[in-house]
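Working notes, beginning with the structure itself.
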Ligand code: NAD
Ligand code: UD1
């Protein structure tokens, strides 16, 4: 198939493009590089060429999903069969300060993309959603039969809004087939060490923060709260390997063969605490992670993890990679690219 991947130069997108190309798909990436760099896609091509011995069938287009004319031209020039839509803004704190940017990019951008797809007769879409759509009060483990809940920031709300937009679209138009993939906490990197997560500025998320402390870019980790009602007092999350997550997209794509909108949790089904993450990273890297206990972070939930049974049954997908692999692959990426893609 020929797949359009929006945001394909980003963290999850680049890993997914590798899996798509290795599986023999043709890929067109559309990215405006607002949170990524073209070099990531060069490295994707290198990984694929090493793995397959053939040149990767990858076309890259620099541009914005909000640019309707560009999208129309793209669909005219490339016979796209389906779209995997990663492009969007993802920093929770920033979304509180800049809600309009988040709604414009994440919601407006998706509407423009769908309009262009519909006009071109491309009606198969895999969308990057998030476990955050379950909201603040959902019981754990999260299961897809739960309603979308009350979100606490514009980023989360934008994901819930897009899910609703896509649900209404599928209800109105029986040609559409959509998978809403609700990611839990993706971490890790490609085992080659060539691509990985490269946050700009101070990382918001736990794993890149720990990795930057290990490499000496940050002096210590702040653990946000050790007085939660969890076994060791620190928050628990469902961390999954980004390569497992990438493979989930291929499986979801394969399942887009009937008109419908379906949500799937992509997680391991296991919870891991912040303290356990620090210890596991220390073991994998052989480095001590300096940390201090800091106040709770506003908006954090004590613990959540996935019930991933639906993806197992309907997509034949399971997260296979262990926490040790997640840590080892993160460390390989961080230690061989201390400044990410920037030198
Ligand atoms: P990322 O920032 O690394 O990748 C997003 C990519 O989209 C970047 O390459 C960026 O340059 C591009 N982009 C942003 N706005 C664009 C626009 N208007 N037009 C074209 N390109 C644009 O993020 P990621 O971690 O790879 O996340 C991918 C998707 O998954 C996002 O939609 C994110 O909200 C969602 N998600 C991520 C996580 C996570 O923990 N990383 C969790 C749940 C959901
Ligand atoms: C955060 C977002 C969520 C988003 C997800 C993936 C918030 C409130 N939620 O989820 O919407 O979908 O990222 O992008 O921001 N931690 C520390 N110290 C740090 C960083 C994190 O102790 O420096 C802790 C957090 O308190 C949390 C855990 O580590 O308990 C994981 O944090 P993070 O990686 O930011 O993910 P989430 O909070 O689950």
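Since every read-out is calculated from the coordinates, none of them should be taken as a lab result. Please read all numbers here as calculations on a predicted model, not as lab measurements. We place every Cβ from the backbone using ideal geometry, glycine too, and count neighbours over all the protein chains shown.
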For a protection proxy built on the mean count of beta-carbon atoms within 10 angstrom, sort 8-18, 233-243, 290-300 highest first, please.
8-18, 233-243, 290-300
From the Cα centre of segment 293-341 to that of segment 27-66, the distance in Å is 23 Å
What number, in percent, do you get for the relative contact order of segment 153-225 if the mean sequence gap of Cα pairs under 8 Å and at least 6 apart is divided by its residue count?
12 percent
Helix-only mean residue ellipticity at 222 nm, the chain, DSSP H runs n ≥ 4 weighted -39,500 (n - 2.57), per residue, nearest 500. What is it?
-11500 deg cm²/dmol
If packing is taken as the average number of other Cβ atoms within 10 Å across a peptide's residues, how do 87-96, 323-332, 123-132 rank, most packed first?
123-132, 323-332, 87-96
Where the Cα atoms of the chain are projected onto their three principal axes, how long is each span, largest first, in whole Å?
54, 45, 39
Give me the compactness ratio for segment 56-124, meaning the Cα radius of gyration over 2.2 N^0.38 Å.
1.22
Kirkwood estimate for segment 236-343, i.e. one over the average of 1/r between Cα atoms, Å:
16.1 Å
Give the dimensionless ratio obtained when the Cα radius of gyration of segment 1-134 is divided by 2.2 N^0.38 Å.
1.04
If the chain between residue 339 and residue 164 were fully extended at 0.36 nm per residue, the gain over the current Cα-Cα distance would be 59.2 nm
For segment 2-336, what does the relative contact order come out to in percent, with C-alpha contacts under 8 Å and a separation of six or more?
19 percent
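Say R0 is 56 Å: what FRET efficiency, to the nearest 0.05, do residue 1 and residue 226 get from their beta-carbon distance?
0.70
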